Amino acid sequence: MTDPLFTPVTINQLSLDNRIYLPAMHLGMAVDFEVTDQIVDFYARRAKGQPGMICVGYATVDDLSGNTQNIGAHDDRFLPGLERLASAIQENGSRAAVQINHAGRYNFSFFLNGKQPVAPSPVASRMTREIPREMTPEEIQETIRAFASAALRVKKAGFDAVEVLSGTGYLISEFLSPLTNQRIDAYGGSLENRMRFGLEVMSAVREAVGEDFPLVVRMNGNDFMEGGNSREELKAYASALSLGPADALCINVGWHEARVPQIVAQVPRGAFAYLARGIKEQVDVPVIASHRINDPETAREMIREGFCDMVAMGRSLIADPMLPLKAKAGKEREIVHCIACAQGCFDNLFSLKHVECLCNPLAGHECGEAKEKTPHPKKILVAGGGPAGMTAALTARRRGHDVVLYEASRRLGGQLHLAAAPPGREEFAQFAGDLEVQTALEKIPVVLNTRVDQALIEKEKPDAVILATGARPRVPDIPGMDLPHVAESWDVLTDKRITGRKTVIIGGGAVGVETALFLAEKGTLPPDVLKFLLVNRAESCEVLHDMAVKGSKEVILIEMMEKIGAGIGKSTKWGMMQDLGRFGVETLTRARVTQITPEGLEYEQDGKLISLTADTVVVAAGSASHNPLESLVRKMEIECEVAGDAVKVGTAFDAVHQGYQAALNI
């Protein structure tokens, strides 16, 4: 049977070998707008996996449209770098495109040397909290010409197509939306007027690049902004684009400041396919679906059922550049999936760092991939089968070492299984499974239910040892910790302890929040029941919503600091905080627990001592490094590296990258 994912598709006159589209992603790797070796290496590696098309960017169209970490397309001096990037992608097996864009009010004056960002109207965003300057009619025309000039540079540089970003809350979508466009001239007011800027940009781009050069438009299927565009308006805009200059439409989801999660693991796979289908029903050009498409089966099902013609798989190809080839060869079991954690991609960008990946420590460091195998293979014993230990074992094995992996528990994965317990975090278990598959593919011997000690080390006689023994729950010094109604968060998350109706959680860090959400969802409607009741109109939508978020437990989260959620990445934190509220979790901050009592606990807040009754008290006081072997190994004069929580308690991202580095150090 023909695989719909690997049937050719044509955009304008450009034929693509398959229907996987790597969408433009800000990488934070450009320097003063110039294409760097790091960018070239990053995309060359993904091209070797042979997606049908790779789109880079976004690229700037003028001095106000981006910042120096964006790829530049607003001046001819950037042509040599663009040419080199196009060649690197094409020579390695993929078609190449550039997305051009103007940030509008989403730019920061900080990046513009103090200049005020521009927009259709002076409406501030929640993201920047800056008021932009309203564009004059002359500036509008200048910007339209800038888009056209940038598109022509893309063509001159040898790329196969150009994409224009017309969504996500950037300039073109700001003109389209009544929320941000309050103009009273020909570019504001009616939908026809609000569409004008975008359509004139596309027409100018088409005139600049010619009729035969593919033009893709990336636009929202829903902006998820209160007071913004309706889906019907966006469908009308899509129709106007498809009847005019656009050769394909790539359907994006939401604006950056929208309060609907779009990229994190909480979003089910393929959740936004319905938006692409809504557009596809209106147009006759290829439609590309986006967001949370991280496995080939989800992708091919969307194409097979007519939701879209192509699928955008961006972070999926950061995590595993070889995904297309593995899928084509029937080796989908070998794919390392993106788990939508956002720790290395989006969270890095907030810190002005370049893109990396929790699941792939080589991402952003592709030049290290050429590292030759060691000329002096050693026997390496890895103690610990969590993300740090498995990554260390895999890296060492791929460098040519003889590796054996010991794990004290009954399964590999370590704290990834704890991270996977809360609702919407199941993808962490996927990563544990992916690492286990990779370990099996590399034929690394794995011994479970076995603790490493001196006798075992003497038996194995390793040349080097990598210690990735993880962490243990931190036990706070609180009177009453030994009472029978006290439970440890790790035991709760793994269902080793049953909790009562009223549960109080001590500790509002990452594990405390995850435990609170895990417990708050107990007793809510499961998805299949929710669908059954909805389809049969058994209850109103309001009642069903309440039953989906109101569980059977009363959950209270106590934190001694000012805020809840320390240690949670910015990309995921806001959504988790939002869920604490909607699931009815009560949070108490600046509250120090003084003792646990048979009836519950006592805490001090603002100088007052307060008693709180509880059926169960769950302790989520963080973790402490567990590293009992390092002094022993060093005393035995064996080369030793330590990785992950055994060094310092951190994130899964830290564990993977430290495990990788530990193996390189040997």
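The values are calculated or read from the model by the stated rules, or taken from the named source; none is laboratory data. Not measured: the values here are computed from a predicted model. FYI the Cβ positions are ideal-geometry reconstructions off the backbone, even for glycines, and counts take in every protein chain you see.
The set of residues from the range 381-404 being part of a strand (DSSP E or B) and either over 19 Å from residue 466 (Cα atoms) or out of contact with any Asp or Glu (no Cβ under 7 Å at 6 or more places or on another chain) (or both) comprises 382, 383, 402, 403.
Per the listing 566, 591, the residue uniquely modelled with pLDDT under 95 and not assigned by TED's automatic domain parsing to the domain that holds residue 425 is 566. If the Cβ limit is 7 Å and pairs must be 6+ apart or interchain, which residue in the range 97-110 that is in the same structural domain as residue 20 (by TED's automatic domain parsing) and buried (at least 24 other Cβ atoms within 10 Å of the Cβ) pairs with which residue that is assigned to a helix (DSSP H, G or I) and among the aromatic types (Phe, Trp, Tyr)? Short answer, once both residue conditions are applied: 100/147.
Taking first residues from the range 568-579 that are more than 13 Å from residue 516 (Cβ to Cβ) and partners that are among the β-branched types (Val, Ile, Thr) and buried (at least 19 other Cβ atoms within 10 Å of the Cβ), the Cβ contacts under 8 Å between residues at least 6 apart in sequence or on separate chains come to 569/651; 571/263; 571/264; 572/264; 575/264.
Listed here are the residues, each with its yes/no results for (1) out of contact with any Asp or Glu (no Cβ under 6 Å at 6 or more places or on another chain); (2) in a helix (DSSP H, G or I); (3) assigned by TED's automatic domain parsing to the domain that holds residue 569; (4) not aromatic (Phe, Trp, Tyr).
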| position | (1), (2), (3), (4) |
| --- | --- |
| 466 | no, no, no, yes |
| 469 | yes, no, no, yes |
| 479 | yes, no, no, yes |
| 491 | yes, yes, yes, yes |
| 497 | no, no, yes, yes |
| 500 | no, no, yes, yes |
| 504 | yes, no, yes, yes |
| 511 | yes, yes, yes, yes |
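If the condition is being under 17 Å from residue 288 (Cα atoms) and either touching a Ser or Thr at 6+ places or on another chain (Cβ under 6 Å) or not assigned by TED's automatic domain parsing to the domain that holds residue 210 (or both), then the range 229-250 contributes only 245.
When residue 123 is tested against (1) of a type outside the set (Ser, Thr, Tyr); (2) closer than 18 Å to residue 136 by Cα; (3) buried (at least 24 other Cβ atoms within 10 Å of the Cβ), just one condition goes unmet, and that condition is (3). Residues in the range 99-115 that are in a loop (DSSP other than H, G, I, E, B), within 15 Å of residue 174 (Cβ to Cβ) and touching a helix residue (DSSP H, G or I) at 6+ places or on another chain (Cβ under 7 Å): 102, 103.
Those strands (runs of 3 or more DSSP E) of the range 550-621 in which 2 or more residues are crowded, with 21+ Cβ neighbours inside 10 Å occupy 554-558, 591-597, 600-605, 616-619.
Pairs are defined by a Cβ separation below 6 Å, a sequence spacing of at least 6 or placement on different chains, a first member in the range 506-522 that is within 24 Å of residue 597 (Cβ to Cβ) and touching a residue at least 40 places away in the same chain (Cβ under 8 Å), and a second member that is among the β-branched types (Val, Ile, Thr) and part of a helix (DSSP H, G or I); the pairs so defined are 515/492.
Answer yes or no as to whether residue 372 is outside the structural domain of residue 30 (by TED's automatic domain parsing) and of a type in the set (D, E, K, R). Considered against the rule, which asks whether it is outside the structural domain of residue 30 (by TED's automatic domain parsing) and of a type in the set (D, E, K, R), residue 372 comes out as yes.
Contact map, the range 430-442: first residue of a type in the set (Asp, Glu), second residue crowded, with 18+ Cβ neighbours inside 10 Å and part of a helix (DSSP H, G or I), Cβ cut-off under 7 Å, separation 6 or more or different chains; pairs are 442/394; 442/397. Regarding the range 29-50, can at least one residue be identified that is under 17 Å from residue 252 (Cα atoms) and assigned by TED's automatic domain parsing to the domain that holds residue 100? Within the range 29-50, not a single residue is under 17 Å from residue 252 (Cα atoms) and assigned by TED's automatic domain parsing to the domain that holds residue 100. Of all residues in the range 1-50, which are in a helix (DSSP H, G or I), aromatic (Phe, Trp, Tyr) and surrounded by 22 or more Cβ atoms within 10 Å (Cβ to Cβ)? Within the range 1-50, 42, 43 qualify.
Could you list, in sequence order, the residues of the range 53-64 that are more than 16 Å from residue 152 (Cβ to Cβ) and either touching an Asp or Glu at 6+ places or on another chain (Cβ under 9 Å) or at pLDDT below 95 (or both)?
53, 55, 58, 63, 64
Would a scan of the range 471-486 turn up a residue that is within 24 Å of residue 265 (Cα to Cα) and not hydrophobic (A, V, I, L, M, F, W, C)? There is no residue in the range 471-486 that is within 24 Å of residue 265 (Cα to Cα) and not hydrophobic (A, V, I, L, M, F, W, C). Determine whether residue 516 is outside any strand (DSSP E or B), within 18 Å of residue 601 (Cβ to Cβ), among the small types (Gly, Ala, Ser) and modelled with pLDDT of 95 or more. Here the answer is yes, as residue 516 does meet what is asked. Only residues that are touching a residue at least 60 places away in the same chain (Cβ under 8 Å), among the charged types (D, E, K, R) and more than 17 Å from residue 201 (Cα to Cα): list them for the range 173-187, please. Correct list: 183 only. Do we find a residue being modelled with pLDDT of 95 or more, surrounded by fewer than 15 Cβ atoms within 10 Å (Cβ to Cβ) and among the charged types (D, E, K, R) anywhere in the range 418-438? Looking through the range 418-438, none of the residues is modelled with pLDDT of 95 or more, surrounded by fewer than 15 Cβ atoms within 10 Å (Cβ to Cβ) and among the charged types (D, E, K, R). Taken together, 421, 429 contain a single residue that is touching a helix residue (DSSP H, G or I) at 6+ places or on another chain (Cβ under 7 Å) and outside any helix (DSSP H, G or I), which is 421.
The set of residues in the range 237-280 being crowded, with 24+ Cβ neighbours inside 10 Å and β-branched (Val, Ile, Thr) consists of 251, 253, 279. Of note, residue 192 does not satisfy the criterion of being without any contact (Cβ under 8 Å) to a residue 60 or more places away in the chain, touching a helix residue (DSSP H, G or I) at 6+ places or on another chain (Cβ under 6 Å) and part of a helix (DSSP H, G or I). The requirement of being polar (S, T, N, Q) and either at pLDDT 95 or above or under 15 Å from residue 181 (Cα atoms) (or both) is fulfilled nowhere in the range 128-135; no residue meets it.
Looking at the range 457-467, which of its residues are surrounded by fewer than 18 Cβ atoms within 10 Å (Cβ to Cβ) and within 19 Å of residue 643 (Cβ to Cβ)?
Matches in the range 457-467: 460, 463.
Among what's in the range 51-80 and is of a type in the set (Gly, Ala, Ser) and in a strand (DSSP E or B), pick the residue that is nearest to residue 96 (Cα to Cα). Residue satisfying both the conditions and the ranking: 57. Screening residue 316 with (1) under 14 Å from the mean Cα position of the chain (by Cα); (2) in a helix (DSSP H, G or I); (3) surrounded by fewer than 23 Cβ atoms within 10 Å (Cβ to Cβ) gives one miss only, at (3).
Suppose the filter is part of a helix (DSSP H, G or I) and either crowded, with 21+ Cβ neighbours inside 10 Å or charged (D, E, K, R) (or both); does residue 532 pass it? It is false that residue 532 is part of a helix (DSSP H, G or I) and either crowded, with 21+ Cβ neighbours inside 10 Å or charged (D, E, K, R) (or both). Being assigned to a helix (DSSP H, G or I), out of contact with any Ser or Thr (no Cβ under 9 Å at 6 or more places or on another chain) and buried (at least 21 other Cβ atoms within 10 Å of the Cβ) is the filter here; which residues of the range 325-362 pass it? Correct list: 327, 348.
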